[in-house]
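The values are calculated or read from the model by the stated rules, or taken from the named source; none is laboratory data. This structure is a prediction, so every number in the text was calculated from the model and none was measured. As a convention, Cβ positions derive from the backbone with ideal geometry for all residues, glycine included, and neighbour counts pool all protein chains shown.
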Amino acid sequence: MTSSDIKNNSNKRTRWFTNITLLRESQITKIHYITGVSALFVVAIHILMRLIMPFNMSLEFENVILNYKNIFYALLLESILVLIAIHGFNGLRVILLEIRETLIWERAVNILVIVAMIGIIAYGTRTIIIANGFSVG
C-alpha cells in the first residue's frame, strides 16, 4: 500500500460523512406540500368545532380545559401543532437557504431548523399534557 492509497482511503472516509443526505430536496418539497394541505384540512375542522358554541363562551377557561381533556380534540390540536411546525419551519429553511448557498450554511440552517421545530413541538405537547392533568418532570 502506497502513501497515495492511504491518502485516498482517508479522503473517502471524510467524503462519505459529508455526502450523507437523509432526504432529497424533491422529497422535502413533497412533505411541504402535504403538510400544507393537511394543515388546511385540520384547521378547517378546528374552526368548525369552535362554531359549535358562541365565541366568547369557547374562550372561557373551563371550556378551554374541557377541550384539552377531550381526546379527539387534543389529538386535533396536536396534529395542528405538528403539521404547522413542520410546514412553517421548512418554509423558513427554504428562505434561509436562498440567502446563501454554502455547504456550512446549509448544514447550520438545517440543524437550527430541526432543533427549533422539535423544541416548539415539545413545548406545545407539554401544554396539552399539563392541561390534561398529567405532570411533566
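On the given criteria, is residue 57 farther than 22 Å from residue 129 by Cβ, among the aliphatic types (A, V, I, L, M), assigned to a loop (DSSP other than H, G, I, E, B) and out of contact with any Asp or Glu (no Cβ under 7 Å at 6 or more places or on another chain)? Taking the combined requirement at face value, the residue does not satisfy it. The condition of being surrounded by 12 or more Cβ atoms within 10 Å (Cβ to Cβ), free of Cβ contacts under 8 Å to residues at least 40 places away in the same chain and hydroxyl-bearing (Ser, Thr, Tyr) holds for only one of 58, 38, that being 58.
Of all residues in segment 84-107, those satisfying the criterion of being surrounded by fewer than 12 Cβ atoms within 10 Å (Cβ to Cβ) and either within 18 Å of residue 123 (Cα to Cα) or under 18 Å from the mean Cα position of the chain (by Cα) (or both) are 95, 107.
Kindly provide the set of residues from segment 25-83 that are of a type outside the set (A, V, I, L, M, F, W, C) and more than 22 Å from the chain's Cα centre (by Cα), ordered by number.
Within segment 25-83, the subset of a type outside the set (A, V, I, L, M, F, W, C) is 25-27, 29-30, 32-33, 35-36, 38, 46, 50, 54, 56, 58, 60, 62-63, 67-70, 73, 78-79.
Selection gives 50, 54, 56, 58, 60, 62, 63, 67, 69, 70.
Yes/no per residue for (1) surrounded by 10 or more Cβ atoms within 10 Å (Cβ to Cβ); (2) hydroxyl-bearing (Ser, Thr, Tyr); (3) at pLDDT 60 or above:
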{"site": "6", "(1), (2), (3)": "yes, no, no"}
{"site": "15", "(1), (2), (3)": "no, no, no"}
{"site": "21", "(1), (2), (3)": "no, yes, yes"}
{"site": "29", "(1), (2), (3)": "yes, yes, yes"}
{"site": "32", "(1), (2), (3)": "yes, no, yes"}
{"site": "42", "(1), (2), (3)": "yes, no, yes"}
{"site": "46", "(1), (2), (3)": "yes, no, yes"}
{"site": "50", "(1), (2), (3)": "yes, no, yes"}
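Among what's in segment 52-64 and is of a type in the set (A, V, I, L, M, F, W, C) and out of contact with any helix residue (DSSP H, G or I) (no Cβ under 7 Å at 6 or more places or on another chain), pick the residue that is modelled with the highest pLDDT.
Here is the first cut: in segment 52-64, the ones of a type in the set (A, V, I, L, M, F, W, C) are 52-53, 55, 57, 59, 61, 64.
Applying the additional criterion that residues be out of contact with any helix residue (DSSP H, G or I) (no Cβ under 7 Å at 6 or more places or on another chain) yields 52-53, 55, 59, 61, 64.
Values: 52: 85, 53: 83, 55: 83, 59: 84, 61: 88, 64: 85.
Checked segment 52-64; the qualifying residue modelled with the highest pLDDT is 61.
Annotation: residue 110 fulfils all but one of (1) under 25 Å from residue 30 (Cβ atoms); (2) touching a Phe, Trp or Tyr at 6+ places or on another chain (Cβ under 9 Å); the unmet one is (2).
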